[in-house]
Amino acid sequence: MNPEEIYIRQFKDCDLLGLTELLNDLENQELVGGSLEPMNEAEVLNWLNLKRSDEGTNIFAIICQDEFAGYVLITSIDRINGHAVFGINISKLFQGKGVGAIAMKHVHHFCKDNLSLRKLVLYVREDNQRAISLYKRLGYKPVGSLLNHIKANESYIANNVMEVFL
């Protein structure tokens, strides 16, 4: 995959179908800690507009070879202390191809250069080893764990906390 063909940008109307498909992939949503309730296109648009209208949030579409590949979310932006919470959700079609890593590097530059942030924090399920491996490769360090935090089937699993200094 050519890194120059992967970028982040503001959402456009043409991204709504891809976003709807992504947010309705319940297996993927479970791994990223998202909603497990199916949403129609109007509900997805409402969800997106809520994110876009929040002053403490930035959300971007990830584009790969001119196709919607997922989104990145920067939320709980604390400009005084210079940190925010980061999240990413990649469509299955684009997972395992380096798209997430490149998108995250773009987000890191955006956060440092445009938001003057010095640190990003993320939460990741302890059983999402693929994501944890990616985060570690990009310099994220584990800083804690919320034990028995997420219901998975009939038990609970931990939600790990990781951070990176930009």
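The values are calculated or read from the model by the stated rules, or taken from the named source; none is laboratory data. Predicted, not measured: the structure shown is a model, and the values here were computed from it. Protein only, heavy atoms only, side chains kept; ligands, DNA and RNA dropped before computing areas. Shrake-Rupley method; radii C 1.70, N 1.55, O 1.52, S 1.80 Å.
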Accessible area expressed per residue, the chain, with surrounding protein chains retained (probe 1.4 Å, Å²)
56 Å²
In nanometres, the difference between 0.36 nm per residue of separation and the alpha-carbon distance of LEU45 and GLU5 is 11.8 nm
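Given the DSSP H assignment, sum -39500 (n - 2.57) over each helix run of at least 4 residues in the chain and divide by its residue total; what's the result at 222 nm in deg cm²/dmol, nearest 500?
So the calculated ellipticity at 222 nm is -9500 deg cm²/dmol.
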The range 42-166: C-alpha gyration tensor shape, a/c 1.5 cut-off, then a/b vs b/c
rounded
For the chain, modelled as a GNM with alpha-carbon contacts under 10 angstrom, which of SER133, SER116, SER155 fluctuates the most?
SER155
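Rule-of-thumb check for the range 1-98: C-alpha Rg over 2.2 N^0.38 Å? Numbers along the way, then the final one.
Details: Rg = 13.6 Å, N = 98, 2.2 N^0.38 = 12.6 Å.
Here the answer is 1.08, to two decimals.
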State the extension gain, in nm to one decimal, for the chain segment bounded by LEU17 and PHE165, taking 0.36 nm per residue of separation less the distance between their alpha-carbons.
49.9 nm
Cut-off under 15 Å on the C-alpha distance; same-chain residues fewer than 8 positions from LYS119 excluded. Which aspartates and glutamates are left, in chain and number order?
ASP78, GLU163
Rounded, prolate or oblate: which fits the range 78-134, taking a ≥ b ≥ c as square roots of the Cα gyration tensor eigenvalues, rounded meaning a/c under 1.5, else prolate when a/b beats b/c?
oblate
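Suppose a student asked you for the relative contact order of the range 29-98, using Cα pairs under 8 Å spaced at least 6 residues apart; what percent would you report? Could the numbers behind the result be given before it?
Working: 72 pairs, mean separation 14.2, N = 70.
Dividing the mean separation by the residue count of the range 29-98 yields 20 percent.
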Using a Gaussian network model of the chain with C-alpha springs under 10 Å, which one of ASP13, ASP127, ASP66 is most mobile by mean-square fluctuation?
ASP13
Added length on full extension, which subtracts the Cα-Cα distance from 0.36 nm per residue, HIS149 to THR75
24.6 nm
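Distances longer than 15 Å among the Cα atoms of the range 112-166: what percent of all pairs is that? Could the numbers behind the result be given before it?
On the way: 751 of 1485 pairs.
Result: 51 percent of Cα pairs exceed 15 Å.
Taking all protein chains as present, what is the carbon and sulfur share of the accessible area of the chain, in % to the nearest whole number, probe 1.4 Å?
Working: 4510 of 9220 Å².
So the carbon and sulfur contribution to the accessible surface is 49 percent.
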